[in-house]
Amino acid sequence: MRRNSPAWLLLMTTCSTLTYVAYSQQPFDLDPSFNTEINTWYVSSVMPLPDGDLLLSGQIRFSGDSPGTFRLLTRVDQLGNRRPWFPYSWGGGRIQPWNDQFYVGEHTVHRLLSTGLVDSSFIHMNADPYFSSLQGGDYHVYPDGRILMSGVHNLLDSIRGFEGLYCLVWFSNTGYLDTTKTHRTCAGSLDKFTELPNGQFIGSGSTGVWDGQQASNIIRFNTDGSLDPSFQANVNWGQAYGFLPLDDGRVYAAGLFRILGNPDTLRLARFTPDGSLDPSFNLLSFETVETNNGFGAIISKVYALDETRLIVVGGYERVNGETRKGICMIDTAGNLLDDHFVDAGCGYYDYQGFTHGSIDGFTQAPNGSYYIWGAYHGYDDGTTNDTTQRMVSRLYGLDVGISENANTQPKPELAIHPNPANGWVAFHYDLLVPPTDAYLIVQDLSGRELYRLQLLEEKHQIVWDTRSIGAGTYIVSLVNKERDLRSEKLVIQQ
């Protein structure tokens, strides 16, 4: 989007201030208590952890990071603060949990411990003398830890006759090339693929030829990697970036592609089991003011919210002419819904000569809230316009209205004034219940405790002298019986 364009001027008018309106929280409203200090470039994958923290993968630069330096994998707490003790590690692509560990993709795939350290029992794939990575794609993790990886890679296994470029490669659960499998070639690359309910896979890329056979840019292949010729999508331009399979064999495909003989550019479609377009699904119109390399809106992924509703994310500004900025809700017939995300979505920013503004993912956390992520600055849910949101945002879950209306779980209160502080600061708290083993605790972002005071009253004010504390961001928490009740950020300026 050009800065002097009407859309940019409209964006700056609507997003120039942080506006909070005192309405009760509704499902999918923005939770402004979560806020990261990521400036550039993007977040490609998010994995919520049981303790409320998040793992983030992508090319991530926080405020204060050196120019030109990116973190490929990082961890943030429940408020969005970076955990500085989390080690710099491999990453950049999709994160996949496995037992009490996780995998993360890049040009290859790495297996990491829950601490972020590399699992030494899984080698760096490029250490295998038979394998050399070139272009990363996608990957699938089998229950026993084996890996199926796509992209474009060079194999050097002359003993078994696998030499040259391959698009689909198997690895053992220790990271070595699986020499018992038949690895697969294609004319270009296989960039994305997803397992189907029957054990087959659907994938997409520049795959016009698969193992010497003519193929579509969206293909279905068998468990051994061989092409399934009964699926004929006939996509001859573009590709899909996300799939949502259904139990009956149909599958949603999100991306930017064209079908042979059809002049329309499709961004979200549903294919039948034989690869033809499902005529019972409406083809929605997605638009953006500023084109992405001349191609317009691109859809990243589609998610099933429940049996009747889908969430669609990507880089777009309008759906069927109505304002939806990177996220919308539709029904399973392809009709745009006004239940949520009306006139809502992400904002834009300029970096390295390009304008970015897209939502790439959507997932539910263990506590019922939802996270969205991608490449954006600012998020407006229609009530709260928070221009400080960066790359990852938290939305309230589906039960927020029920909980508030029933008033069954009132939350303890914690207010900090002044904030930022450069001297004395007051903490106003209300536990809502008589304290038993309650404390107010101040910690730095590494978790180091700076102040702890036992709370003897249910509701009170505490004054603390910050003049001996260094400038920075700190976390103030109310704790009762070792359970976190409420946390807020405190910024100290000296």
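A few comments on the model shown:
- Qualifying residue in the range 226-238 (condition: under 22 Å from F362 (Cα atoms) and either in contact (Cβ under 8 Å) with a residue 12 or more places away in the chain or not in a loop (DSSP other than H, G, I, E, B) (or both)): no
- Number of the condition not met by G212 [criteria: (1) surrounded by fewer than 17 Cβ atoms within 10 Å (Cβ to Cβ); (2) farther than 23 Å from R184 by Cα]: (2)
- Taken over the range 33-80, the residue count meeting the criterion of being open to solvent by 10 Å² or more (accessible area, probe 1.4 Å) and outside any strand (DSSP E or B) is 18.
- Which listed residue is of a type outside the set (S, T, N, Q), under 19 Å from L336 (Cβ atoms), open to solvent by less than 70 Å² (accessible area, probe 1.4 Å) and at pLDDT 95 or above, from L268, L283, L246: L268
- Filtered by the rule that a residue be open to solvent by 50 Å² or more (accessible area, probe 1.4 Å) and within 16 Å of Q200 (Cα to Cα), the range 216-243 gives T223, D224, P229, S230, Q232.
- Residue pairs whose Cβ atoms lie under 6 Å apart, sitting 6 or more positions apart in sequence or on different chains, and linking a residue in the range 171-193 that is at positive phi and surrounded by fewer than 22 Cβ atoms within 10 Å (Cβ to Cβ) to a partner that is modelled with pLDDT under 95 and part of a strand (DSSP E or B), do not occur here.
- Any hit, the range 124-139, residues being out of contact with any Leu (no Cβ under 8 Å at 6 or more places or on another chain) and under 24 Å from A254 (Cα atoms): yes
Conditions tested, residue by residue: (1) part of a loop (DSSP other than H, G, I, E, B); (2) in contact with a Cys (Cβ under 6 Å, 6 or more places away or on another chain); (3) of a type in the set (V, I, T).
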position: G296; (1), (2), (3): yes, no, no
position: Y303; (1), (2), (3): no, no, no
position: V312; (1), (2), (3): no, yes, yes
position: I330; (1), (2), (3): no, no, yes
position: A333; (1), (2), (3): yes, no, no
position: D343; (1), (2), (3): yes, no, no
position: D350; (1), (2), (3): no, no, no
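- Check on A426, open to solvent by less than 20 Å² (accessible area, probe 1.4 Å) and either modelled with pLDDT of 90 or more or not in a loop (DSSP other than H, G, I, E, B) (or both): yes
- Selection of the range 336-356 for residues being of a type in the set (G, A, S) and open to solvent by 40 Å² or more (accessible area, probe 1.4 Å) yields only G353.
- Members of the range 107-137 that are assigned to a strand (DSSP E or B) and open to solvent by 20 Å² or more (accessible area, probe 1.4 Å): V118, S132, S133, L134, Q135, G136, G137
The values are calculated or read from the model by the stated rules, or taken from the named source; none is laboratory data. Predicted model, so just to flag it, every value in this text is computed and none were measured. No Cβ is skipped: glycine too gets one built from the backbone with ideal geometry, and neighbour counts run over all protein chains shown. In case anyone asks, the SASA skips ligands and DNA or RNA and just uses the protein heavy atoms, side chains included. Shrake-Rupley method; radii C 1.70, N 1.55, O 1.52, S 1.80 Å.
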